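Below is one structure, written out as structure tokens; the observations come after it.
We did not get these values from a lab; they are worked out from the coordinates using the rules stated. Remember, predicted model here, so these are calculated numbers, not experimental data. Every residue, glycine as well, gets a Cβ built from its backbone with ideal geometry; the counts of neighbours run over all protein chains shown.
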Amino acid sequence: MSAAWSPERPDQELVNGVTDLFHAAWGFTPDAVFSAPGRVNLLGEHVDYSGGTVMPLALPQRTFVAVSPRTDGVYQAVSAQAEGVQRATLAEVAPGATATGWFSYVVGVPWAMAHEGLIDEDAAAHLGLDVAVDSTVPLGAGLSSSAALECAIALAVDHAASATDPTRALLAATSEGRRRLAAACVRAENEIAGASTGGMDQSIALQAREGSVLSIDCRDFSVAPVDIDVAGAGLALLVIDTNAPHRLVDGQYAQRRAACEDARSTLGVTTLRDAFDGAPTSERLTHLLADWERGAQDPSRNTSPAQAARITPLLRHAWSEMVRVQQCQDLFDDRSTVPRDGTRWSRLGRLLNDSHLSLRDDYRVSCPELDVAVSAAQKAGALGARMTGGGFGGSAIALVHGDDVSVVAEAVAEAFEARHLTAPAFLVAAPSGPARRET
Ligand code: GAF
């Protein structure tokens, strides 16, 4: 059996291809091409909407959009990954209205930017775009293909709005501006695409640093690079796309998020992260869980025993994942006393393994394909492995020795074949750059 690797295409080939696609669809040359990356998350899963810290990195795989501005308020788009032409005016876009699938990201972003005040109301009424899309981010693989499309469109709208109004500063030019663009993309995803996701994916797509894992504090979406040089340590981060379809709009993700929100409100904190009242530690986690269980018995809380029993494991995941992120940051911190040899990496591997168990057993967002991928990678010598992203299908990551990449990939592919599962696809994650205008 031979492992299947996701096809790699040079960025320039994508720029040329999407330019040709635009020309074929609209009959003239596009004004500009923008792109944004997919991502994997190293650690900090299902904590972004609870104010936790996440540790993602941008993938080299990107979504490209070739665009030209219009002045009649029409957005029309074609995609190399989909059939047909999609068309709508901004006036037709509203929560629950007709835009669905990939086009909801194209029109949702200008809608959200207008509602967030990032484009002037008058300008928004006239602004439109002709668009062509092409992407190397695997679709439906939990690698943030939707956020990549949203963020590339956000840059296109940002540039078009500034081109027609010389007094408007380009938001993409500053970190704060990119944070605001990310917030608009999240709003588009929540309100127009109907997926109640947090803000990790859009933040990394807009704020990524080439060569770095990022630490994003989701209480305010401030970002800082972390000194986790996987390749420099002779290791690799193998991404296993299980090819089990992953969907965040079917209610399971929203249920987890709503349960966390109920618990947050019961506890009277601004975010679940704030319950720690300081850095997340194992000791504080034990107290928090004990307090929660004691409080659940309190009749004035209005939490039935059944509700409490359902929420407790979700809280145990959210809070323990916040502790694991803190432990990971401490491991790679300048002040860390852990030897800078393999010790740090094997500890990181254990944090990944623990994260997977917590997501599988407490948060219950894994699936058989993800569990097979993780367990086969671990057995084949990975230092650690876990599902990454929203779960319910999608991808897993494995931290492996550089020389073992093929061995681990083959072992995972064989485990899938033995269970008659659809063959997985593999890629190696190298931290890449943020959304940008292509030259
Ligand atoms: C998906 C969501 F879009 C993110 O916001 C995040 O919650 C992630 O699942 C889980 O960590 O990618």
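For the reader, a short list of remarks on this structure follows.
- Phi-derived couplings, Karplus 6.51 cos²θ - 1.76 cosθ + 1.60 at θ = phi - 60°, listed residue by residue for region 209-224: 10, 3, x, 10, 7, 10, 9, 10, 7, 7, 6, 10, 6, 6, 10, 8 Hz, with x used for Gly and Pro.
- Average silhouette area of the chain, convex hull of alpha-carbon atoms, in square nanometres: 21.8 nm²
- For region 4-225, Kirkwood radius (reciprocal of mean inverse C-alpha pair distance, Å): 17.3 Å
- Length-normalised contact order for the chain - Cα pairs under 8 Å, 6+ apart - percent: 24 percent
- Karplus-derived HN-Hα couplings along region 85-90 (A = 6.51, B = -1.76, C = 1.60, θ = phi - 60°), whole Hz, x at Gly and Pro: 10, 10, 8, 6, 9, 4
- Separation of region 243-313 from region 350-385 is 22 Å, based on Cα centroids.
- For G389, distant residues with modelled amide H under 5 Å away: N41
- Sparsely packed loop sites in region 1-59 (the GluC sites (Glu not before Pro) outside DSSP H, G, I, E and B with at most 15 other Cβ atoms within 10 Å) comprise E8.
- Region 229-429, Rg to Rh (Cα coordinates; Rh as Kirkwood inverse mean 1/r): 1.02
- Helix-derived mean residue ellipticity, 222 nm - over the chain, DSSP H n ≥ 4, -39500 (n - 2.57), to 500: -13500 deg cm²/dmol
- The relative contact order of region 229-429 comes to 34 percent, based on Cα pairs under 8 Å that sit 6 or more residues apart.
- Approximating the spin labels as points 7 Å out from Cα along Cα→Cβ, the S265-to-S175 distance works out to 3.5 nm.
- Shape call, region 94-211: gyration tensor on alpha carbons, a/c limit 1.5: oblate
- 5 angstrom amide H check on A58, placed H, neighbours 5+ away: R209, S432
- Within-12-Å neighbourhood charge of A415 [Cβ basis; K, R +1; D, E -1]: -3
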